[in-house]
Amino acid sequence: MPELPEVETVTRTLAPLLCGRRIEQVDIGAYTRCIAAPDPASFAARIAGRMVTNLARRGKFIVIGLDSGDRVTVHLRMTGELAVTAPDAPIPQHTHLVMELSEGDQLRYTDVRKFGRWSLLSPDEYEAFSASLGAEPLDPLFTPEQFRDMLWSRKRILKPLLLDQTFITGIGNIYADEALFRARIHPGRRSHELSEAESVALYHTIRNVLTGALAHRGTTLRNYRDGNGQPGENLAQLRIYSRNAGDPCDECGNPVARLVIGQRGTMLCPVCQALPQNPEVARAPDSSRSG
DNA sequence: TGACACCTGCGT
DNA sequence: ACGCAGGTGTCA
């Protein structure tokens, strides 16, 4: 379900509800595989009694900082949800973890498909974890030149490359298709075959698509809710992912198409995002820059 | 790079 | 009944 804009929105909505509060107790339900590390008993014991000092996001992970120096990471995968509610509110179906907070409220984690994962990491473990992830696309220090070099140093198909969290973090199926559509680049192109101009265009459409979605508090297709239980409003902003195959492209009017690339459904406009007729010139080598 | 696994639910 | 889903991990 959530990609960078959704995870960032959840993080922002949870922050004022959690920061400065103590986690009195951690209740893990019958589905203990949602705890990736350490073992569930240690996870609960090391968190109980700690205070939340800060919330952050790294890629698609929510990072809960504790006064012990440990960090709790949460990945919502497809259908995970976090919400802070009063303890007497009805417990929803598929609730797998509850943190009882000081002053009575509860942080509740529900996940229909049970793909989401929690971890508790020491400072050293967190550094290693973060270092294993790719570039943050909205980092002010992330430049078009850096992105171009990243693309040209690989020879990967673009769609799976954008979804590779060790390459760049936070992009998922929705925003990969949206960014490629707006940059008019076919998702099956190879990363090292993009021109300089195409790499710069993709850099900007990635950032614009993500910041735009964040401004609309994320895209709710079905399950996604923020930390207050509110859906996002970005669905109406989507220009390709939300279309059906055969619908007219809102740019050129030709029918849009659905492909499967890297085992993922992929929406595109075959006309706007045509494959280059002559791959020899697509790379735009330095010697031709005079033209 | 692909096939399949992990899960449940929804639309056709 | 079947295909599909906002994600990722593992195996060949």
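The values are calculated or read from the model by the stated rules, or taken from the named source; none is laboratory data. Everything quoted here is computed from the prediction, not taken from an experiment. Every residue, glycine as well, gets a Cβ built from its backbone with ideal geometry; the counts of neighbours run over all protein chains shown. All accessible areas refer to the heavy atoms of the entire protein, side chains included, with ligands and DNA or RNA removed. Shrake-Rupley method; radii C 1.70, N 1.55, O 1.52, S 1.80 Å.
The table below lists the values:
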item	result
Wholly within region A:142-235, helices (runs of 4 or more DSSP H) carrying at least 1 residues that are modelled with pLDDT of 95 or more and β-branched (Val, Ile, Thr)	A:173-182, A:196-215
Residue ID - nearest to DNA strand B (Cβ to nearest atom), chosen from residues in region A:231-266 that are under 19 Å from A:Ala201 (Cα atoms) and open to solvent by less than 50 Å² (accessible area, probe 1.4 Å)	A:Leu238
Single residue of A:Glu178, A:Glu136 found to be more than 16 Å from DNA strand B (Cβ to nearest atom) and buried (at least 20 other Cβ atoms within 10 Å of the Cβ)	A:Glu178
Subset of region A:103-118 (residues that are open to solvent by 20 Å² or more (accessible area, probe 1.4 Å), more than 10 Å from DNA strand B (Cβ to nearest atom) and in a loop (DSSP other than H, G, I, E, B))	A:Asp105
So A:Arg71, is it outside the structural domain of A:Phe43 (by TED's automatic domain parsing) and in contact with a helix residue (DSSP H, G or I) (Cβ under 8 Å, 6 or more places away or on another chain)	no
Filtered residue count, region A:170-196, keeping only those that are under 23 Å from A:Pro5 (Cα atoms) and either more than 16 Å from DNA strand C (Cβ to nearest atom) or small (Gly, Ala, Ser) (or both)	8
Lone unmet requirement of (1) in contact with a Lys or Arg (Cβ under 6 Å, 6 or more places away or on another chain); (2) surrounded by fewer than 16 Cβ atoms within 10 Å (Cβ to Cβ); (3) not hydroxyl-bearing (Ser, Thr, Tyr) for A:Asp39	(1)
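Conditions (1) open to solvent by less than 20 Å² (accessible area, probe 1.4 Å); (2) of a type outside the set (Phe, Trp, Tyr); (3) more than 13 Å from DNA strand C (Cβ to nearest atom), marked per residue:
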residue	(1), (2), (3)
A:Arg156	no, yes, yes
A:Lys159	yes, yes, no
A:Leu162	yes, yes, no
A:Glu198	no, yes, yes
A:Ala215	no, yes, yes
A:Tyr224	yes, no, no
